[in-house]
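The block underneath contains the structure these notes are about, expressed in structure tokens.
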Amino acid sequence: MGKVNLFFETFRDAEIDNYTIVRLKCGVQFKTKMGWSQPYSAIIDTGAHTSVIPLSLWKELVHEKIQKYKIFGISKQEGCSILGNMGKVTLIVVDENGNQTKELEICAFLAETDQIPLIIGFNGLLEKLKVNFDFRKNEASVED
């Protein structure tokens, strides 16, 4: 427990000249019936109220479905929604040095598709951890 390192992913968007995309990311492991999953790379989205987990990933996890739900992105048009369930999962944030957070049970959107990335949102996780990042220095971490 304690400090766990995060990392930045940067890449160019081929459709926009001279535009670099920067993402803050972390390693996460989820509780499964067999123990802890392999580490997955997840986008940390401080603007997302809820974490989002793709279908093939959450099907393998110990999870509790709470209720049917749909999420929207920027647009509220029906064709821009993703169906799934609000649910609960347990995870830890991990890094390449073997550091990890305490176990955290979070509310997450369990998507009915794999056409979405693994996103770590605010509810249940970022509200419980201190997040530090300085892109200019290439430094980022979370702390219990």
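Tabulated data for the structure shown
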{"item": "Amide proton proximity set for Thr32, modelled H, under 5 Å, gap of 5+", "result": "Ser37, Val62"}
{"item": "Column: log10 I(q)/I(0), Debye, Cα scatterers of the chain, q = 0.19, 0.21 Å⁻¹", "result": "-1.18, -1.36"}
{"item": "12 Å beta-carbon shell around Lys128, net charge (K/R +1, D/E -1)", "result": "-3"}
{"item": "Amide H partners (placed H, <5 Å) of Leu118, local residues excluded", "result": "Ile43"}
{"item": "Rounded to 5, the percent of DSSP beta bridges in the chain classed as antiparallel", "result": "90 percent"}
{"item": "Residue among Val131, Val28, Val52 with the largest mean-square fluctuation in a Gaussian network model of the chain, springs linking Cα atoms under 10 Å", "result": "Val131"}
{"item": "Under Karplus coefficients 6.51, -1.76 and 1.60, residue-wise ³J(HN,Hα) of region 95-100 in Hz, glycine/proline x", "result": "10, 5, 8, x, 6, 8"}
{"item": "Entries of Lys3/Lys76; Lys3/Lys65; Lys3/Lys70; Lys3/Lys88 with Cα pairs more than 28 Å apart", "result": "Lys3/Lys76; Lys3/Lys65; Lys3/Lys70"}
{"item": "Residue-count net charge about Ser56 - beta-carbon cut-off 14 Å; Lys, Arg +1, Asp, Glu -1", "result": "-2"}
{"item": "Asp114 accessible area, 1.4 Å probe, all protein chains in place, Å² to nearest 10", "result": "70 Å²"}
{"item": "Cβ-defined net charge surrounding Asp45, 12 Å radius [Lys, Arg +1; Asp, Glu -1]", "result": "+2"}
{"item": "Per-residue ³J(HN,Hα) for region 13-29, Karplus 6.51 cos²θ - 1.76 cosθ + 1.60, θ = phi - 60°, Hz, x for Gly and Pro", "result": "8, 5, 8, 10, 4, 6, 10, 9, 9, 10, 10, 8, 10, 9, x, 9, 10"}
{"item": "Backbone HN-Hα couplings from phi across region 111-117 [Karplus 6.51/-1.76/1.60, Hz, Gly and Pro as x]", "result": "6, 9, 8, 9, 7, 9, x"}
{"item": "Mean Cα-pair separation over length for the chain, i.e. relative contact order, pairs under 8 Å, 6 or more apart, %", "result": "31 percent"}
{"item": "Sites Thr32 and Ile66, calculated FRET efficiency, Cβ-Cβ separation with R0 22 Å, nearest 0.05", "result": "0.70"}
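The values are calculated or read from the model by the stated rules, or taken from the named source; none is laboratory data. Just so you know, these numbers come straight off a predicted model, no measurement behind them. So basically every Cβ, Gly included, is an ideal-geometry build from the backbone, and we count neighbours across all protein chains shown. SASA here: full protein model, heavy atoms, side chains in, ligands and nucleic acids out. Shrake-Rupley method; radii C 1.70, N 1.55, O 1.52, S 1.80 Å.
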